[in-house]
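Engineer: First, the structure itself, so that you have it in front of you.
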């Protein structure tokens, strides 16, 4: 944009010159001319427009000396208030405001009027100037006024002032400021009309530019106008709105399109039903008076210092902000009903009648219901039944009284609602919205797409933020969630992003913390690594880190002297059971091709909801639907199953099923001979086991075991689903064996789906960090823990404490001061995948790429931190996330072949060492869910 200052149209530059260089122009000169008093003698010295008085001070910076002067301001608007209060600060002996109506009719802001009175300004209401009386030198001496009375209302709605005959009187004056209006300088009008052939540029009867009131076209085809020059003096926001309309019209003209106005957006307002009253406010609001703003005392207001001092504390500011009644609809501007109403030109008042007036229900911690906005489309009822599987919503009552909700007298928290948020995503109005932990509002946000950083399926999520504060999340169509559906992990976990976090390295010295530079931290870490032998260093990478970060952790360990241990606390001593089960996991999107599901332990209504959506959304025959195997009681998933089997031991039950198949020679020999290995050793081990003993240990009858085995074996497209948090590694290995035994791996709509614990647990396995070997931690001097909180999430705290006993140096990278971070000698700040870039591998082994498209508070990303340590160790390493990504892919491809080997499991492995997969972020979210729901 090129700006020409000190250039006046019609004087410094002519229309012909502009027209020769530009195809169109928009005029917005404003109303810059002041208005004189308009009475006899108003040309006397000391009588001037108020706007000129204020402008001269602003431009010159010179404050006039009004000491001993008597100032009269004529007018009742905000310009008059500026004039009278400025005159006080310039030292005037007295300041009077003359206004021809009463105070009630004054258009000025009431607070301005009130404060001016405190500052000593006198008001003369129902008076009007009739004559300026000047002395011999032509300067004002007195101002003659006449008293007024109010008659009938005029066009503005205010009562018309009428002169009272014979009521004239004089008052002394040294300066009279006329603040009775402003006019537009249209001295350029003749220049335009002399040099155009595209029409005639005209002014209206009020002396402003004549335009089409909708498109803001003037009489000249290529000239548009906006602002006070069109409307007369008005608000800034009104001028901005007009400028936008004029720009759109100008764009249409330049594009050769018909110049037409934008459709007026349909806006539903409560006033269109009936004027709101205090009685309409829901009971959740309490009466709270406004805090008085601290002010300078009137005696102190002799300068141009700010009169309002600001509130005394943040608490007062928050209390003032909390007085907001949140009356704006948060569905704006994405409301489908509003969009269609705008498109078809709907008029809200055209058809009157009854309407609902119901208090919103925000008792659910994540979902708010406002049935006043509900159009009974039923989408929420269907999605809750067909996808979420919760059946928490339905239609109730009849006719006009029909409402959607949990049921008469029930709240959403009284139902099987799983807090997935699908009802929010499908609602076309603002009837179902998120119950946010902060003040909601229809504000414009910026957004980007990333991967769910809690759930393990790898769903794509769109995060919304404003000024680095995250305001919401929604599903985004991706490789895993092609329909953009997302569970509660992806929808509500964004709230964690607003928590305080570490943003610089912190070194503990003599029990106190000191911030250090990233470069100093890298040197210190490299020195510690190089100063110890291989067995004296141990590295741990958490399952919420990206593949690239995990790869670099492994690389650092490999480059350490003699090679160091690299693992993950999540999988510490977990055996091999989890490792091989996902080599050929069925894709989440392929679940729609299955004929039946056998779900072990996983409550898909509570966790891994995206998988649940696919399972519940299958229109399967009743006999082929869901068989649910659980060792628990009163699990919500039971109500979704056509059969519930309740063993005492998952491991013994699965082994008993395998034993039955082998003893009855029901295995798929063709698949086994063609695709599998280690079958003979596996069969020998299984045949040696006593079938009846296995059945007895499982706690399930032989009849149930045989029926399950026969049914599962015969079903060609059967899928077994389990979650790591519910099934031990040995049972996972046996479920893998069962799927191979029956030939259900690698087939469309059949197989196994192991739902991992965290967003990148599969990446931990793929990059060889799922190592057993707590015995390797003996003799460790230096431990480096990235993205895990073993001390805070330990099941057996005493056993875990032994891992940290005797450490000389502990480095922890995390978002905040976890229990493990508090023990660390050096704490490094963590970054999210959408800040650093990088990828996650979901439970189906689909790699999801996160673009580093958000700038967070941490200067160096996690990838850069680890790469910089390698560089400090003398290793050639790129710090670019794309380069590291390519290195990581090459590492994974070396071991990406699918293994159909039978696993011989020795028995049920011990319980995991850590809760929540040793993931502090997942622990925070799941604790939030539990406490809320």
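The values are calculated or read from the model by the stated rules, or taken from the named source; none is laboratory data. Bear in mind the structure is a predicted one, so any value in this text is a computation, not a measurement. All Cβ positions, glycine included, derive from the backbone under ideal geometry; neighbour counts span all protein chains shown.
Engineer: Somewhere in region 108-122, is a residue within 21 Å of residue 144 (Cα to Cα), modelled with pLDDT of 95 or more and more than 48 Å from the chain's Cα centre (by Cα)? Spell out the reasoning first.
Structural biologist: Going residue by residue through region 108-122, those that are within 21 Å of residue 144 (Cα to Cα) are 121-122.
Subset that is modelled with pLDDT of 95 or more: 121-122.
Adding the requirement that they be more than 48 Å from the chain's Cα centre (by Cα) leaves 121-122.
For region 108-122, residues within 21 Å of residue 144 (Cα to Cα), modelled with pLDDT of 95 or more and more than 48 Å from the chain's Cα centre (by Cα): present.
Engineer: Right, next: Within region 133-148, track down each residue that is without any contact (Cβ under 8 Å) to a residue 60 or more places away in the chain and not in a loop (DSSP other than H, G, I, E, B).
Structural biologist: The initial filter retains those residues of region 133-148 that are without any contact (Cβ under 8 Å) to a residue 60 or more places away in the chain, namely 135-136, 141-142, 144-148.
Hits for region 133-148 are 141, 142, 144, 145, 146, 147, 148.
Engineer: Shifting gears a bit: Tell me the strands (runs of 3 or more DSSP E) entirely within region 551-654 that contain at least 1 residues that are crowded, with 23+ Cβ neighbours inside 10 Å and in the same structural domain as residue 722 (by TED's automatic domain parsing).
Structural biologist: Numbers: elements: 565-567, 596-600, 626-629, 643-645.
Those strands (runs of 3 or more DSSP E) span 596-600, 626-629.
Engineer: Scanning for something in a helix (DSSP H, G or I), modelled with pLDDT of 95 or more and over 34 Å from the mean Cα position of the chain (by Cα), does region 496-513 turn up at least one residue?
Structural biologist: no
Engineer: Would you confirm whether any residue within region 532-545 is more than 20 Å from residue 856 (Cα to Cα), out of contact with any helix residue (DSSP H, G or I) (no Cβ under 9 Å at 6 or more places or on another chain) and not in a helix (DSSP H, G or I)?
Structural biologist: For region 532-545, residues more than 20 Å from residue 856 (Cα to Cα), out of contact with any helix residue (DSSP H, G or I) (no Cβ under 9 Å at 6 or more places or on another chain) and not in a helix (DSSP H, G or I): present.
Engineer: Output yes when any residue across region 673-683 is surrounded by 18 or more Cβ atoms within 10 Å (Cβ to Cβ), touching a helix residue (DSSP H, G or I) at 6+ places or on another chain (Cβ under 6 Å) and not in a helix (DSSP H, G or I), and no when none is.
Structural biologist: Just the residues of region 673-683 that are surrounded by 18 or more Cβ atoms within 10 Å (Cβ to Cβ), to begin with: 676, 679, 682.
Going one step further and asking which of them are touching a helix residue (DSSP H, G or I) at 6+ places or on another chain (Cβ under 6 Å), we end up with 676, 679.
If we keep only those that are not in a helix (DSSP H, G or I) too, we end up with 676.
Yes: region 673-683 contains one or more residues that are surrounded by 18 or more Cβ atoms within 10 Å (Cβ to Cβ), touching a helix residue (DSSP H, G or I) at 6+ places or on another chain (Cβ under 6 Å) and not in a helix (DSSP H, G or I).
Engineer: On the basis of being over 18 Å from residue 126 (Cα atoms), surrounded by fewer than 24 Cβ atoms within 10 Å (Cβ to Cβ), touching a strand residue (DSSP E or B) at 6+ places or on another chain (Cβ under 7 Å) and in contact (Cβ under 8 Å) with a residue 12 or more places away in the chain, does residue 68 make the cut?
Structural biologist: Against the criterion (over 18 Å from residue 126 (Cα atoms), surrounded by fewer than 24 Cβ atoms within 10 Å (Cβ to Cβ), touching a strand residue (DSSP E or B) at 6+ places or on another chain (Cβ under 7 Å) and in contact (Cβ under 8 Å) with a residue 12 or more places away in the chain), residue 68 does not qualify.
Engineer: Answer yes or no as to whether residue 103 is touching a residue at least 60 places away in the same chain (Cβ under 8 Å) and surrounded by fewer than 22 Cβ atoms within 10 Å (Cβ to Cβ).
Structural biologist: Details: touching a residue at least 60 places away in the same chain (Cβ under 8 Å): no; surrounded by fewer than 22 Cβ atoms within 10 Å (Cβ to Cβ): yes.
Answer is no for this residue.
Engineer: Looking only at residues in region 684-715 that are within 17 Å of residue 737 (Cα to Cα) and not in a helix (DSSP H, G or I), which one is nearest to the chain's Cα centre (by Cα)?
Structural biologist: Looking at the filtered set, the residue picked out is 715.
Engineer: Determine whether residue 152 is loosely packed, with under 15 Cβ neighbours inside 10 Å, part of a strand (DSSP E or B) and in the same structural domain as residue 71 (by TED's automatic domain parsing). Spell out how you get there, then give the answer.
Structural biologist: On the way: loosely packed, with under 15 Cβ neighbours inside 10 Å: yes; part of a strand (DSSP E or B): yes; in the same structural domain as residue 71 (by TED's automatic domain parsing): yes.
It is true that residue 152 is loosely packed, with under 15 Cβ neighbours inside 10 Å, part of a strand (DSSP E or B) and in the same structural domain as residue 71 (by TED's automatic domain parsing).
Engineer: Could you grab the pairs with beta carbons closer than 8 Å, sequence gap of 6+ or different chains, first residue in region 679-708 and more than 18 Å from residue 646 (Cα to Cα), second one part of a loop (DSSP other than H, G, I, E, B)?
Structural biologist: Here the result reads 679/902; 681/902; 681/904; 682/902; 682/903; 682/904; 685/904, each pair linking region 679-708 to a residue that is part of a loop (DSSP other than H, G, I, E, B).
Results for (1) more than 27 Å from residue 270 (Cβ to Cβ); (2) crowded, with 18+ Cβ neighbours inside 10 Å, shown as yes or no for each residue.
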position	(1), (2)
391	yes, no
399	no, no
408	no, no
419	yes, yes
423	no, yes
446	yes, no
477	yes, no
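Engineer: Could you count how many residues in region 909-927 are modelled with pLDDT under 80 and crowded, with 17+ Cβ neighbours inside 10 Å?
Structural biologist: 2
Engineer: Give region 231-262 a look and list any residue that's over 30 Å from residue 205 (Cβ atoms) and part of a loop (DSSP other than H, G, I, E, B), or say none.
Structural biologist: Residues satisfying the conditions are 255, 256, 257.
Engineer: Same structure, new question: If I ask for residues that are surrounded by 15 or more Cβ atoms within 10 Å (Cβ to Cβ), in contact (Cβ under 8 Å) with a residue 40 or more places away in the chain and over 23 Å from residue 866 (Cα atoms), which ones from region 491-525 would you list?
Structural biologist: 491, 492, 493, 495, 496
Engineer: So, in region 183-210, of the ones that are part of a strand (DSSP E or B) and surrounded by 19 or more Cβ atoms within 10 Å (Cβ to Cβ), which residue ends up modelled with the lowest pLDDT? Spell out how you get there, then give the answer.
Structural biologist: Here is the first cut: in region 183-210, the ones part of a strand (DSSP E or B) are 183, 199, 203, 209.
Filter once more, keeping what is surrounded by 19 or more Cβ atoms within 10 Å (Cβ to Cβ): 183, 209.
On the way: 183: 89, 209: 93.
The extreme case among them is 183.
Engineer: Give me the pairs: first residue in region 368-390 and free of Cβ contacts under 8 Å to residues at least 40 places away in the same chain, second residue crowded, with 21+ Cβ neighbours inside 10 Å and part of a helix (DSSP H, G or I), beta-carbon distance under 7 Å, and six or more apart or on different chains, which are they?
Structural biologist: 384/422; 384/423
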